[in-house]
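The values are calculated or read from the model by the stated rules, or taken from the named source; none is laboratory data. Here the structure is a predicted model, which means the values were calculated and not measured. Every residue, glycine among them, receives a Cβ derived from its backbone with ideal geometry; neighbour counts consider all protein chains shown.
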Amino acid sequence: MKTTAHRRPAAPIALAAALLTAFLVLFVPLSASAHDSLLSSSPEADGTVQTLPAELTLTFSAKIIDEEGATEVVVTDPSGASVIEGAPTVDGALVTQPLAAEAPAGAYHVIWKVVSSDGHPTSGEFDFTVAASTVGTATTPPTAAPTAAPTVQPTATAGPGTDVTPAPASDEESPATVVIWILAIAGVLVIIGIVVWLVVRGRRTSSQTDSDPSSER
C-alpha cells in the first residue's frame, strides 16, 4: 500500500516537466529573437523601380541606436560596384542611405546592419531591380553642343565658296553652248542645201517637160 501511494505523484511531475519543456522550446527563442526587425524599404525587397532613386530608405520596427559605425548599408549594382554616396543617416526607426545619380539597369543587392534598441546588432539583405539605366544622361547635352558647332562652320565657309563656284560652272557650260550653236548652224546649212537641191531639181524637171513637145513638132 505504501509503495502504491509513492508512485501516484509521478504523473503530475511528468506533466509539469512537459509543460516546462514546451515553454522553453516555444517562448525562449521568441524572446531571444525579439530584436528590432526591418518592416519595409524603398525600393522594396524584390521590387522593380524605373530608375535608381536618389536614396534608399529602411524602416525598422523600433528606434534603433544611432552611434558612429553602428549602422552600415551597402548597395551594389549588377557588376558588383557600390552605388552608395556617403554615410547613412538615422532618424528614429528610419535609416536613409544616399545613392549615386548615375546607375545601370539590372539587379541590385542591399546589405544592412544596425544595432537594435536592446543593444544587440541585427542585419539582413535583399534585392531589387532597376528597369532603366541613367548612365551617360548627364553627358548628352555637352555632346550635342559640339556637334552643332561644326555644322555651322561649314555653312559659313560655303558663303564665299558660292562666289567661286559660278566661275567653273560657266566654263563648263560654255563648250556645251558652242557645240549647240555649231549643231544649229550645221542643221541650218543642211536644210538650205536640201532646199537648193529641191529647187534645182524642180527646174530641171520643168525644162525637160518643156523640151519634149517642141521635139515632137
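Numbers at a glance
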{"read-out": "Segment 36-56, residues that are surrounded by 14 or more Cβ atoms within 10 Å (Cβ to Cβ) and assigned to a strand (DSSP E or B)", "value": "LEU38, SER41, SER42, VAL49, GLU55, LEU56"}
{"read-out": "Test: residue in segment 57-64 that is surrounded by fewer than 14 Cβ atoms within 10 Å (Cβ to Cβ), of a type in the set (Ser, Thr, Tyr), within 23 Å of ALA132 (Cα to Cα) and within 31 Å of the chain's Cα centre (by Cα)", "value": "no"}
{"read-out": "Looking only at segment 66-83, and only at residues there that are part of a loop (DSSP other than H, G, I, E, B) and aliphatic (A, V, I, L, M), the one that is farthest from THR51 (Cα to Cα)", "value": "ALA70"}
{"read-out": "Any hit, segment 134-143, residues being at pLDDT 80 or above, within 30 Å of ILE84 (Cα to Cα) and exposed (fewer than 10 other Cβ atoms within 10 Å of the Cβ)", "value": "no"}
{"read-out": "Enumeration of residues in segment 84-98 that are outside any strand (DSSP E or B) and closer than 17 Å to GLU44 by Cα", "value": "ALA93"}
{"read-out": "Residue match in segment 209-216 (condition: outside any strand (DSSP E or B), modelled with pLDDT under 60 and surrounded by 10 or more Cβ atoms within 10 Å (Cβ to Cβ))", "value": "no"}
{"read-out": "Single residue of segment 108-133 satisfying the filter (assigned to a loop (DSSP other than H, G, I, E, B) and either among the charged types (D, E, K, R) or at pLDDT below 95 (or both)) that is surrounded by the fewest Cβ atoms within 10 Å (Cβ to Cβ)", "value": "GLY119"}
